[in-house]
1. Residue check: is LYS11 surrounded by 13 or more Cβ atoms within 10 Å (Cβ to Cβ) and among the charged types (D, E, K, R)?
2. Inspect the stretch 180-193 for any residue being within 16 Å of ligand 1 (Cβ to nearest atom) and in contact (Cβ under 8 Å) with a residue 60 or more places away in the chain and give the result as yes or no.
3. Does GLU318 satisfy being free of Cβ contacts under 8 Å to residues at least 24 places away in the same chain and either within 15 Å of ligand 2 (Cβ to nearest atom) or not in a strand (DSSP E or B) (or both)?
4. Among (1) assigned by TED's automatic domain parsing to the domain that holds ASP248; (2) among the hydrophobic types (A, V, I, L, M, F, W, C); (3) open to solvent by less than 20 Å² (accessible area, probe 1.4 Å), where does ALA372 come up short?
5. Filter the helices (runs of 4 or more DSSP H) completely within the stretch 1-110 down to those with at least 1 residues that are among the aliphatic types (A, V, I, L, M).
6. Looking only at the stretch 95-112, which residues are open to solvent by 10 Å² or more (accessible area, probe 1.4 Å) and under 19 Å from the mean Cα position of the chain (by Cα)?
Amino acid sequence: MESNDKQSKSKLFHTMTFGCQMNINDSERLAGQLRTIGYESTDNVEQADLILINTCCVRESAEKKIHGRIGEMKRLKLVNPNLIIGVVGCMAQKDKDKILKKFSHVNLVMGTHNIHQLAELVEKIEQSRERVLAVWDQAERLAPDVPTVRKGQISAWVPIMYGCNNFCTYCIVPYVRGRERSRPLNDIVAEVRQLGADGFKEITLLGQNVNSYGKDNESQADFADLLQAIDQIDTITRIRYMTSHPRDMNDKVIETIMRSQKICEHFHLPVQAGSDYILERMNRGYNTEYYRQLVSKIREAIPGASLTTDIIVGFPGETEENFLETLEFVKSIRYDAAYTFLYSQRSGTPAAKYADQVSLPVKKARLQQLMAVQNEISLEINRQYVGKTVEVLVEGPSKNDERKLMGRTRTNKIVLWEKTGQEVAGGLVNIQIDTAQTWILKGRLI
Ligand code: SAH
Ligand code: SF4
Ligand code: F3S
């Protein structure tokens, strides 16, 4: 049966995005290019003429899920032999040959350095019906900017740099994203200005290590300078950034945030482990003492700032004692929230070859323990919001309940409240908090 969508001339595409915010933004840039060659987006995968799977390979669990998803697409290809299926992004970069071999229904394999070529590659496939492989081993200095079609209308992602130079010993990202490349400050400022003119209110500056912004180019601007430049743009009400590496977070950045009205008081500082021995083996470039001092400095300069982190459990060589150090560390820092992961062996990284791998049951037990401790702390911290009034940027209806609206505090807490009709998406409202849960706050408009 032909649907209305199909009767219109434009072809339809569907994207599935896995992984980090950088990938979400890449998908927006894929969508922007597809629009220039006559494609419109559809949420219904069954109707799509083109399906793009934008992949992540940071952990094995992500890869397994993606393999499953690519496999499922074979069914659609049998129904519609003209369907174009593309596997793009980090996993495509890493496993191009494996993907081509394992999935004969995949037409396009495109790596992280080739994203700007999508329109041209899709047209090539439309004409020739050949399978196309586009995976450059290295990036051009800076890939050309391409049109972007954003998912939201309030909050936007803005990449400020690509790649990573850190080579944490567990991590695959530097291998699949290449070396650090910073975008010119003027380009970023121009993009944010345009976003403001288009009605966006909040922007999140993206990079694997935003604090090393500018170190790779001749312009003298560093991350703090960039923050200051963006802070001047009137139409934007909130500025966020991620991720900042604790080693490179500096006084100039902290002072900039302290002075700014717009840069939110939320610090995401991935610690990864609370044991000096493990941190050393991870090649993180700091120890727990340094990190504690950094946190004290931030809390002194910006009281009320929230603090979140990433932690890996079961890194090779992590003894029970090392793990207990991490637990104690988490208890003493008191994070607002922690994103916790089982260490996943990534072939090609140094840690994958370490002899003293931790067994899966031990890793799982440690993760449970850590999450229990952190959830209790998160809830305790969130309870302190009860009775208080917070400024919330209205994002839109809650996913699970149409009668409720969703927004975030400056400290990045998710807030839900009963819609009154007075709110406008993108506006700031004051919400009095009535209930606190581990991950969300609930309240009412005042
Ligand atoms: N550049 C960012 C993080 C990118 S990956 C940073 O340095 O903070 C996001 C998170 O995934 C990391 O912080 C880390 O906690 C986790 N991660 C990365 N590689 C991993 C691996 N091999 N196993 C488990 N978790 C991993
Ligand atoms: Fe991976 Fe470390 Fe780079 Fe983050 S800083 S992307 S964890 S290598
Ligand atoms: Fe995954 Fe690539 Fe991001 S590996 S976490 S999508 S940079």
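The values are calculated or read from the model by the stated rules, or taken from the named source; none is laboratory data. None of these values were measured; they are calculated from a predicted model. So basically every Cβ, Gly included, is an ideal-geometry build from the backbone, and we count neighbours across all protein chains shown. The protein model used for the area step is the full one, side chains on, heavy atoms only, and it has no ligands, DNA or RNA in it. Shrake-Rupley method; radii C 1.70, N 1.55, O 1.52, S 1.80 Å.
1. Spelling it out, LYS11 is indeed surrounded by 13 or more Cβ atoms within 10 Å (Cβ to Cβ) and among the charged types (D, E, K, R).
2. No, the stretch 180-193 has no match at all.
3. Spelling it out, it is not the case that GLU318 is free of Cβ contacts under 8 Å to residues at least 24 places away in the same chain and either within 15 Å of ligand 2 (Cβ to nearest atom) or not in a strand (DSSP E or B) (or both).
4. Unmet for ALA372, out of (1) assigned by TED's automatic domain parsing to the domain that holds ASP248; (2) among the hydrophobic types (A, V, I, L, M, F, W, C); (3) open to solvent by less than 20 Å² (accessible area, probe 1.4 Å): (3).
5. Details: elements: 4-7, 21-36, 60-79, 90-94, 96-102.
In the stretch 1-110, the matching helices (runs of 4 or more DSSP H) lie at 21-36, 60-79, 90-94, 96-102.
6. Listed by number, the list holds a single entry, THR112.
Conditions (1) more than 21 Å from the chain's Cα centre (by Cα); (2) of a type in the set (Val, Ile, Thr), marked per residue:
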{"site": "ILE381", "(1), (2)": "yes, yes"}
{"site": "VAL390", "(1), (2)": "yes, yes"}
{"site": "GLU395", "(1), (2)": "no, no"}
{"site": "ASN430", "(1), (2)": "yes, no"}
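Okay, residues lined up against (1) assigned to a strand (DSSP E or B); (2) modelled with pLDDT of 95 or more:
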site: ILE203; (1), (2): yes, yes
site: ASP216; (1), (2): no, no
site: ILE239; (1), (2): yes, yes
site: ARG247; (1), (2): no, yes
